[in-house]
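Notes for the one structure printed next.
Please treat every number below as a calculation from the coordinates, not as lab data. Predicted model, so just to flag it, every value in this text is computed and none were measured. Positions of Cβ are generated from backbone atoms using ideal geometry, with glycine treated the same way; all protein chains shown enter the neighbour counts.
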Amino acid sequence: MQARDVLAALAPGDAVSGATLAERAGVTRAAIWKQIEILRSKGVPIEARGAAGYRLPWPLQMLDVATIRSFLPPAIAQRLGGLDVHWELDSTSTELQRRSGEAPDLSVVLAETQSAGRGRRGRSWLSPPGLNLYLSCLKRFDGGFVALQGLSLALGVIVLRALESLDIVGVGLKWPNDLLAAQGKLGGILVELSGEYQGPCAAVIGIGLNLRLTEALREQAGQPSQDMASLHGGVPPDRNAVAAALIQALAEGLETFEREGFAGFAEAYRRHDLLLGKALRLTGAAGELEGIGAGVDLGGALLLETGEGLRRIDSADVSVRRL
Ligand code: BTN
């Protein structure tokens, strides 16, 4: 019995004794205990309830390709180049990069856990199994890198649309595409481009969403974080439904982006722009800059009203803070 099987056995939320798990799998109780410890070390808060056995504090749904597909409108399901769910990957985005030569357009990869989840600006992305969502999507484009201007911001709007379809509201965008709720970061988007500057190119779009965070995970995150459970009456939406909502929003939104570019998202971005009209301090390689957020332009750059006029910031290596 592997860690995945133990998590699946505990997923309904009922207590299961080590002896029952061991008997089902034909292994020793010590072997089960080892898998429980592996899951705990990855951040899963498995409780021990004496003779009753092991238990999760709440039920969860294991990711499942057939269930995700059942939540998708047939027209969207047909357009997918592929849909794979893994137990563990180094990173769903790295996996799609490895396969980017042959993987069809709109290939989607999910993993229950990532051993080397990557965030923006060289940060790592905490990826405990079963609690949150880690999804990457390969999208091919014909028009060269210039046609991708603003893609990263448009994706922020696309993910917000998926969240709204799940009744998760009260989330805004912090340039370029951090998904922020009142108490912290709900998710993040990592866009990595490859291909020819003026020819065919591809974007690997990686999305991480917090569905359930424990106190320990919040501390490890190193930044204020919030989960979907807290925005949804204490219980997050079904994990397979969240995956399907993301996939549907991506398929629809990326089609709009191919046709209209960021112009098709600019108005929606403005409505959700948490930096608009706010006093900001930007820190980057070139030093510090202060001013008032003045929205974004059609190329996806942040506009900042400073004492010396309007500045356009398009470096991904800038950190933005509200003052
Ligand atoms: C950020 O730093 O805000 C972006 C985080 C992106 C995390 C996701 S999880 C799925 C995909 N795989 C990764 O390794 N990273 C992205």
Would you look at the GNM of the chain, springs on alpha carbons closer than 10 Å, and say which of Q198, Q114, Q97 moves the most? Q198
Lysine pairs in the chain with Cα atoms under 21 Å, if 8 or more residues apart or on separate chains: 5
List, in order, the whole-Hz ³J(HN,Hα) value for each residue of the range 58-75 obtained from phi through the Karplus relation with A = 6.51, B = -1.76, C = 1.60 and θ = phi - 60°; use x for Gly and Pro. 8, x, 9, 9, 6, 5, 8, 4, 5, 5, 4, 4, 5, 8, 8, x, x, 4
Quick one: putting +1 on the C-beta of Lys and Arg, -1 on the C-beta of Asp and Glu, what dipole do you get for the chain around its Cα centre, in Debye to the nearest 20? 680 debye
Positive-end extreme of charge dipole, the range 65-269 - chosen from S230, N240, F145 (charges on Cβ): S230
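Of all chymotrypsin sites (Phe, Trp or Tyr not before Pro) in the range 183-288, which ones are in loop regions per DSSP and have a Cβ with at most 16 other Cβ atoms within 10 Å?
Y197
Under the classification rounded if a/c is under 1.5, otherwise prolate if a/b is larger than b/c and oblate if not, where does the range 65-269 fall, given a ≥ b ≥ c as square roots of the Cα gyration tensor eigenvalues?
rounded
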Modelled FRET efficiency - R0 45 Å, E215 with A147, Cβ distances, 0.05 increments: 0.55
Karplus-derived 3J(HN,Hα) from phi for the range 88-93 (6.51 cos²θ - 1.76 cosθ + 1.60, θ = phi - 60°), whole Hz, x at Gly and Pro, runs 9, 10, 4, 7, 4, 6
Putting +1 on Lys and Arg Cβ atoms and -1 on Asp and Glu Cβ atoms, find which of G261, A249, A279 reaches farthest to the positive end of the dipole of the range 235-280. A279
Suppose R0 equals 41 Å. What FRET efficiency, 1/(1 + (r/R0)^6) with r the Cβ-Cβ distance, do A48 and L310 give to the nearest 0.05? 0.10
Which is the longest part of the chain that has none of the trypsin sites (Lys or Arg not before Pro) sitting in a DSSP loop with at most 16 other Cβ atoms within 10 Å? 124-277
Bounding extents of the range 3-55 in its principal axis frame from Cα atoms, largest first in Å, are 26, 18, 18
Taking 7 Å along the Cα-to-C-beta vector as the label spot, tell me the E164-Q2 distance in nanometres, rounded to one decimal. 4.0 nm
Which of L190, L72 comes first, and how do the rest follow, when ranked by fewest Cβ neighbours within 10 Å? L72, L190
Filtered GluC sites (Glu not before Pro), the range 255-323: DSSP coil and at most 16 other beta carbons within 10 Å: E308
Taking r as the C-beta separation of A15 and R40 and R0 as 22 Å, the FRET efficiency to the nearest 0.05 is 0.90
Using a ≥ b ≥ c from the Cα gyration tensor of the range 219-288 (square roots of the eigenvalues), is it rounded, prolate or oblate, where a/c under 1.5 gives rounded and otherwise the larger of a/b and b/c decides, a/b for prolate? oblate
Which value does Rg/Rh take for the range 48-118 over its C-alpha atoms, Rh per Kirkwood? 1.12
If I take the Cα coordinates of the range 195-323 and project them onto the principal axes, what are the three extents in Å, biggest first? 49, 41, 28
Residue by residue, what Karplus-based ³J(HN,Hα) values in Hz, rounded to whole numbers, does the range 50-55 have, using 6.51, -1.76 and 1.60 with θ = phi - 60° and x for Gly and Pro? x, 5, 5, x, 8, 7
Gain in length, Q223 to K278, computed as 0.36 nm per residue apart minus the alpha-carbon separation, to one decimal in nm? 17.8 nm
